[in-house]
1. What number, in percent, do you get for the relative contact order of the stretch A:110-237 if the mean sequence gap of Cα pairs under 8 Å and at least 6 apart is divided by its residue count?
2. Helix A:164-173 versus the longest principal axis of chain A: what is the Cα-based angle in degrees, 0 to 90, to the nearest 10?
3. Decide, for the stretch A:66-142, between rounded, prolate and oblate: order the square roots of the alpha carbon gyration tensor eigenvalues as a ≥ b ≥ c, take rounded if a/c falls under 1.5, and otherwise choose prolate if a/b is larger than b/c, else oblate.
4. Calculate how steeply helix B:209-254 sits against the longest principal axis of the alpha-carbon atoms of chain B, using the helix alpha-carbon long axis, and give the answer as 0 to 90 degrees to the nearest 10.
5. Within the stretch A:146-236, how many lysine pairs that are 8 or more places apart, or on different chains, have C-alpha atoms less than 17 Å apart?
6. Placing +1 at every Lys and Arg Cβ and -1 at every Asp and Glu Cβ, with all other atoms neutral, what dipole size does the protein assembly as shown have around its Cα centre, in debye to the nearest 20?
7. Any aspartates and glutamates with Cα under 19 Å of the B:LYS30 Cα? List them, leaving off those in the same chain fewer than 8 positions away.
8. Give the angle, between 0 and 90 degrees and rounded to the nearest 10, that separates the Cα long axis of helix A:192-207 from the longest principal axis of the Cα atoms of chain A.
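FYI, it's all coordinate maths here, none of it is from the lab. Note that the structure is predicted; figures quoted are calculated from it, not measured. Counting neighbours? That spans all protein chains shown, and the Cβs are built from the backbone with ideal geometry, glycine included.
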Amino acid sequence: MVIVAEPKQVVAPGELLAEGDHLLGDNSFKVGTRIYSACIGIFEVDGTRVTVVPLKGGYFPRVGDLVGGRIVDVGLSGWTVDIRAPYEAMLPASETPGPRGPRRRDLSESFDVGDMVLSQVLAFDRTRDPLLTVKGPGLGKISNGRVVEISAAKIPRLIGRKGSMISMLKRETGCQITVGQNGVVMVWGKSPENERVAVEAIYMVEREAHTRGLTDRIREMIAKSNVVGEVARTQAA
Amino acid sequence: MPEPKQPEKLIDDKGIRIDGRRLDQLRPIKLEVGILDKADGSAYIEQGKNKILVGVYGPREAHPKHIALPDRAVLRCRYRMAPFSVDERKNPAPSRREMELSKVIRESLESVVLTDLYPRTTIDVFIEVLQSDGGSRCAGITAASLALADAGIPMRELVAACAVGKIQGHMALDLSDAEDKYGEADLPVAWVPNANLVTLLQMDGILTTNEFEKGLTMALDACKTIHGMQQEALKKKYLVIKEVAEEREETEVVA
């Protein structure tokens, strides 16, 4: 049980992380007793578990994920949605709220090509394309606010440990922020200026995800922009 | 521009080659990562006068759909030389040589990419030779594995590649264009360090068993050096951002 690489540092693919009976986390693999990194990322040790938190990479769907997507096709029984994954997602008409049973109306009345929808992954595995649902609170068409698309690999950093980063962002900018696991982030603010600052902060998290003291630096950046966060929050509540 | 004339001697009396290198010396190498905005991953290599740009896309949906495999991703690779990359204009149509190189480069990368994590998808690698100076397949592999890593694609490790050859009866490392043309043999090698696998081995010309063994040792040593440079180049992109950001914080605290 030896940790070879320096924790919290950037590691390259093929770099030796540890030797011995560690638990394998994400993006690590074992050859004999040696554990290597499988991608460019930050090396993390949590007890006996070794993981590499990737610095880059696309979205790979998981059941239960909240994702923002764009409608690319309207069919007879559902929609095809681009959720920035290597697979085309399907949103069947039966997974939209409202009365069940056959509907004669044109599906494009609900969502048309180009619309953004906030949805949840209902089913997905290696053999099947993801299936989405918009049944649930807050899910459905996004018709206002701003949509920011960042790398899906940076989403854990945007949320932060126990949601520290995202709750700080919401508090300081006075915006309501919904984070899709696929890197689509939705921002609703009381003014365009608040939204602009929130969007800028989100891009800053993406760019500097691997640096120390990021939360403080972002708080400072927002403070400098003279956007009032707290008032907006009480108004919203 | 006419073909470069054959130099009288490829090695002078002191054992120095036409570009001033010793027999066991690499050409200067410059590696850069993430220089294309639209590609998922990219890399640029300069090795001597070689200038090669690599873009990686994926994993993404396989098109046409019938090429998709149910259990893993398909790795597609295209090696291409720009019409202006050589002395005489190169016909832009894909040549026999380019198709062969695309295939051998793909095969040398396939063994390290963890394709089984992304079933039914493709990973596309585009290798564009902007300026060619011998050994471009090796430089292409070096840059392509960097671009794959830059795209965040899970892989076992980086692949490093380098050629050796025989000029005027001596084994020489990393042949340049003239040495390749007027030398006696060329032996490109791609190497995967941790697994200790050779994933590309071609030979053009004739070598004795002893020469071959000596050449392979030289090439593997050079691959080791290149592998170190690759890791450094890959991390540099993030370390620069980190330094700038953390320094900014420090100056702000002081102010």
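1. Numbers: 182 pairs, mean separation 28.9, N = 128.
So the answer I get is 23 percent.
2. Around 50 degrees separate the two axes.
3. Numbers: a/c = 1.43, a/b = 1.40, b/c = 1.02.
Rounded is the answer for the stretch A:66-142, as its axis ratio a/c remains below 1.5.
4. Between the helix axis and the principal axis of chain B, the angle is about 40 degrees.
5. Here the count comes out as 4.
6. Numbers: 66 positive and 69 negative charges, 268 e Å.
The dipole magnitude comes to about 1280 debye.
7. Straight-distance partners of B:LYS30: B:ASP19, B:GLU46, B:GLU128, B:ASP133, B:ASP150, B:ASP174, B:ASP177, B:ASP221, B:GLU232.
8. 30 degrees
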